[in-house]
Amino acid sequence: MIKAMDELLKHWADQWKCRAMRQSSPLGKLMEFKGVMPDGGPKGSRDPLGHGVIDDLAWEVYEGVQCLNNDLQVLAWEHYHDEGYNEHKAERLGLTERTYYHRLNRLHIELREVLRSRSRKLKRA
């Protein structure tokens, strides 16, 4: 596993968990933010359905995960969003523990490459 990628993915999962706890109705948002409605920020809202926003770093990780193959996307959501022991997660995915950790390492490597590639494209633009 790559520690930096693990930390990024944990941050991404934490942002999504907080997003799920936020109020989505206008009245709920007013109550949550004590009468001051938050705006979408300088780039506009990434929340067209009113479910709560995530920070830029978590958004980049989310976009990077979406570029991976389906098996790695499922693994990312299973490993970082679901609670429980890794051996149970591996069992739910129909994998041995060894294969589970091998794919987790591959997830980190491929996501790192995707994020680097996206970063280079942004710097050129």
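Brief remarks follow.
- Charge sum, other residues only, whose C-beta stays under 14 Å from residue 84's C-beta, Lys/Arg counted +1 and Asp/Glu -1: -4
- Legend: calculated FRET efficiency, residue 83 to residue 56, from the Cβ-Cβ distance at R0 = 22 Å, rounded to 0.05, equals 0.25.
- Computed over neighbours whose Cβ is under 15 Å from that of residue 70, the net charge equals -1, Lys and Arg +1, Asp and Glu -1.
- Stretchable slack from residue 96 to residue 17, in nm (0.36 nm times residue separation minus alpha-carbon distance): 25.7 nm
Throughout, read-outs are computed from the coordinates displayed, never taken from laboratory work. Remember, predicted model here, so these are calculated numbers, not experimental data. Positions of Cβ are backbone-derived with ideal geometry, glycine not excepted, and every protein chain shown enters the neighbour counts.
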